Amino acid sequence: EREGTDVKLLIVDDSKAMRAIVRRALNKFEHKTFSIRKAPSGKEALTIIGAWQPDIVLSDWHMPGMSGLELISIIKRKKLPIKVGLVTTEKNTDRLKQAIEVGAEFVLAKPFNDSELHDVIFPLINKNSVPVNEFVLPELMRIQQTFKRSLNVEVKLTGIPKQQVT
């Protein structure tokens, strides 16, 4: 897997196909490149976490042996500095609330598209790897798409040269 990049991300899912889908979506991310590892179970994820110390864990909820919720609980109980998001088919709102209470940064419903995954990952990279005096904005086209999708408003944004902000 790719190494030496800023953000280390672990994909945990018992479905090999879903691990590949998530990886492909992350490879299209424009703001950062990821060092990515994959685990087919929560137990294997804990082994990788212990040795590799990822910044972000993106886990399926429903897996045999150990659920994504149990994985988050262990990560939080050990006070590991890891952001965890759940990807799931779970629809029960009480269960989804429970995931956030346990410590999930987000819960993303399957099926999802690349931009939905990017939208939930983006805030985690800003928290994780950007120095305090810097912040990263998404590319203009993505901001325009978000305005259009969320507010049903056409917005034309124009880029300007990089500037020093204090």
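The values are calculated or read from the model by the stated rules, or taken from the named source; none is laboratory data. This one's a predicted model, so the numbers in the text were calculated from it and none came from an experiment. Neighbour counts are summed over all protein chains in view; Cβ atoms, including those assigned to glycine, are modelled from backbone coordinates with ideal geometry. For the accessible areas, the whole protein counts, side chains as well, though only heavy atoms, and no ligand, DNA or RNA atoms are used. Shrake-Rupley method; radii C 1.70, N 1.55, O 1.52, S 1.80 Å.
Descriptive notes on the structure:
- The test for being at pLDDT below 95, under 16 Å from Asp14 (Cα atoms), of a type outside the set (Val, Ile, Thr) and surrounded by fewer than 21 Cβ atoms within 10 Å (Cβ to Cβ) holds for Pro111.
- In segment 91-106, the qualifying residues are those that are touching a residue at least 24 places away in the same chain (Cβ under 8 Å) and open to solvent by 30 Å² or more (accessible area, probe 1.4 Å), and the one that is farthest from Ile11 (Cα to Cα) is Gln98.
- The conditions of being open to solvent by less than 10 Å² (accessible area, probe 1.4 Å) and not polar (S, T, N, Q) are met by Trp61.
- Taking segment 24-41 as the range and being touching a strand residue (DSSP E or B) at 6+ places or on another chain (Cβ under 7 Å) and either modelled with pLDDT of 95 or more or open to solvent by less than 30 Å² (accessible area, probe 1.4 Å) (or both) as the test, the residues that pass are Leu26, Phe34, Ser35, Ile36, Arg37, Lys38, Ala39.
- Odd one out for Glu44, checked against (1) under 15 Å from the mean Cα position of the chain (by Cα); (2) surrounded by fewer than 18 Cβ atoms within 10 Å (Cβ to Cβ): (1)
- Within the option set Glu116, Glu70, being at pLDDT 95 or above and either of a type in the set (Asp, Glu) or open to solvent by 80 Å² or more (accessible area, probe 1.4 Å) (or both) holds for one residue only, Glu70.
- Residue match in segment 96-106 (condition: of a type in the set (Lys, Arg) and within 14 Å of Ile121 (Cα to Cα)): no
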